[in-house]
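Every number here is computed from the coordinates shown, using simple stated rules; none is lab data. Not measured: the values here are computed from a predicted model. No Cβ is skipped: glycine too gets one built from the backbone with ideal geometry, and neighbour counts run over all protein chains shown.
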Amino acid sequence: MKKLSLLIAGLVMSVSVFAQKNYLKEPAAAKNKRMQWWTDDTFGMFIHWGLYAVPAGEYNGKSGGAEWIMETHNIPTAEYEKYAAQFDPEKFDAKKWVAIAKSAGAKYIVITSKHHDGFSLWDSKVTKYDIMDATPFKRDILKELSEACKAAGIKFGLYHSIMDWHQPNANPKQKPDVKPDFNKYRDEYLKPQLAELIKKYDPTILWFDGEWIGEWTEEQGKDLYNYLRNLKPSLIINNRIGKARGGMEGMNKYQDAAGDFGTPEQEILKTNSQDYWESCMTINNNWGFAKYDHNWKSAQVLIDNLVDVAAKGGNYLLNVGPTAEGEIPAPSVERLGEMGKWLDVNKQAIYATKGLETYKQGDNIRFTKSNDGKTTYAIFNKADNNELVLTAVQPKDGSKVYMLGVNKPLEWTKSNGSVVVKLPAELPCKYAWTLKMQSSSDAK
Ligand code: H79
């Protein structure tokens, strides 16, 4: 009898092991297909929101930190937990946030389900340290946002921190008298939370962070990657699920790493890359809301960045840090609005395009190409004498050259290897302009 039950148990185990697919061996063609929407979408909105919005970068009269404030000011857990009782964002309106993203031209959203502080923005069954049990707000933020995204045709993604300052088993500092058991945290907390998130909110992207802690290994990252893809095969997962990124530059420093894309943080790759990558950046200096931080990048800089990223073949994930009242700060909304207006005119040159090997000419011109390769776009933010001189990439002989947003084709001439395009007297937008032409055969 004992033997028989052992045999059955063995059989069940091998069947379930057998049913687990190894997604680390995914063929390139399958990966490319899975990544297609993400590459085509190019522009996403990152949202850092949690209890840290309450102190908003100030503790005991001292400024500093934002989403890292617990660490920056060494706030004891019992003290930090009290912010939960004050988290009551009455102005939170998921539809409004999604409308802001949409009118900015962002095609996907990535929001912090849990940042390093360990607080969960959804109704999690494995903890009371979440929006339903610990705050007076008692509304499931991820549920409202995921539904608003679905209704608006915006893809929904989640940022999730591996590092957790609140879980005693994950943080040696948390309770000095308790010996942390990281594997227990991983198996009984982290993984069940991620399974909950996939089941309840159907995210398209999982964006990990806080992977640099000593307890986490590439091996565990690979296991987690397979576990998650088996739960939802179409998931797109960043490279911070493992240990492969080389510092803030974000690209993998070794082959066969877990994860689908590189994650440069607060910087853009120096050149075009054929690997999948996404540059994440803040609009001011901080990710979470910080009341002292007024260092807003201009719309010009944000649009230049988006163009630069697209020309180098990447994605741009631009962050907002909403307030404890539930609002995206007005300076962010304004700039996102400018980006949206610009994209309305120039979207063809950004979405569903690829970067070129020759992705630039000087500082002021960037090139992209339609996915089918037939159309080349030259995007420029400065031109002298009402003309643009193209040397690095040129139109095919006989091609018409248009400016996006202008109906009539532009006059152009070619002499001594230079193409000179006469620009229209009236420009269709601010910040930067796009010339559209048929690709010449040497535009790689
Ligand atoms: O969520 C936002 C920030 O809170 C988080 N990432 C973005 C998306 C972030 N965490 N830390 N940092 C940013 C900066 C930390 C850098 C370091 Fe390191 C961690 C220095 C040493 C350990 C980076 C990771 C460089 C080496 C490992």
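With neighbour counts taken as other beta-carbon atoms within 10 Å, the residues T127, T353, T358 rank, fewest first, as T358, T127, T353. Rounded to whole Å, give me the distance from the Cα center of region 325-400 to that of region 257-317. A separation of 16 Å, based on Cα centres. What the Cβ-Cβ distance of K232 and M35 gives, at R0 = 25 Å and to the nearest 0.05, is a FRET efficiency of 0.95. Considering helices alone, the calculated mean residue ellipticity of the chain at 222 nm is -8500 deg cm²/dmol, with DSSP H runs of length four and up weighted by -39500 (n - 2.57) and normalised per residue.
By the equivalent-ellipsoid construction on the alpha carbon gyration tensor, region 64-109 comes out with semi-axes of 31, 15, 7 Å, ordered largest to smallest. Taking other C-beta atoms within 10 angstrom as a stand-in for reagent exposure, H115, H166, H294 fall in the order H294, H166, H115, fewest first. Charged neighbours of N239, selected by a Cβ distance under 12 Å, balance to -4 (K, R count +1; D, E count -1). Each Cα pair under 8 Å and six or more residues apart adds its separation to the average, and for the chain the resulting relative contact order is 15 percent. Both radii come from the Cα set of the chain: Rg as radius of gyration, Rh as Kirkwood radius; their ratio Rg/Rh reads 1.03.
The H on the amide N of S124, modeled in the peptide plane, is under 5 Å from the matching H of I131, M132, each at least 5 residues off or on a different chain. A crude spin-label estimate for the pair V301 and K430, with each label 7 Å from Cα along the Cβ direction, gives 1.6 nm. Under 5 Å from the amide H of W287 lie the amide H atoms of E67, each residue being 5 or more positions distant or on a separate chain, with H modelled from the backbone and absent for Pro and chain starts. Using a 10 angstrom cutoff on alpha carbons, build the Gaussian network for the chain and name the most mobile of Q20, Q174, Q86. Fluctuation is largest for Q20.
Of the GluC sites (Glu not before Pro) in region 246-328, the ones in a loop by DSSP (not H, G, I, E or B) with at most 14 other beta carbons within 10 Å are E267, E325. If R0 equals 35 Å, the separation of the Cβ atoms of E267 and D177 corresponds to a calculated FRET efficiency of about 0.25.
State whether region 242-311 is rounded, prolate or oblate according to the following rule on the C-alpha gyration tensor (a ≥ b ≥ c being the square roots of its eigenvalues): a/c under 1.5 gives rounded; otherwise a/b larger than b/c gives prolate, and the remaining case gives oblate. In terms of gyration-tensor shape, oblate.
Given a Förster distance of 22 Å, report the FRET efficiency between Q438 and E387 from their Cβ-Cβ distance, rounded to the nearest 0.05. The calculated FRET efficiency here is 0.65. Would you mind classifying region 355-402 by shape? Square roots of the alpha carbon gyration tensor eigenvalues, ordered a ≥ b ≥ c; an a/c under 1.5 is rounded, otherwise it is prolate if a/b is larger than b/c and oblate if not. Note, shape of region 355-402 comes out oblate.
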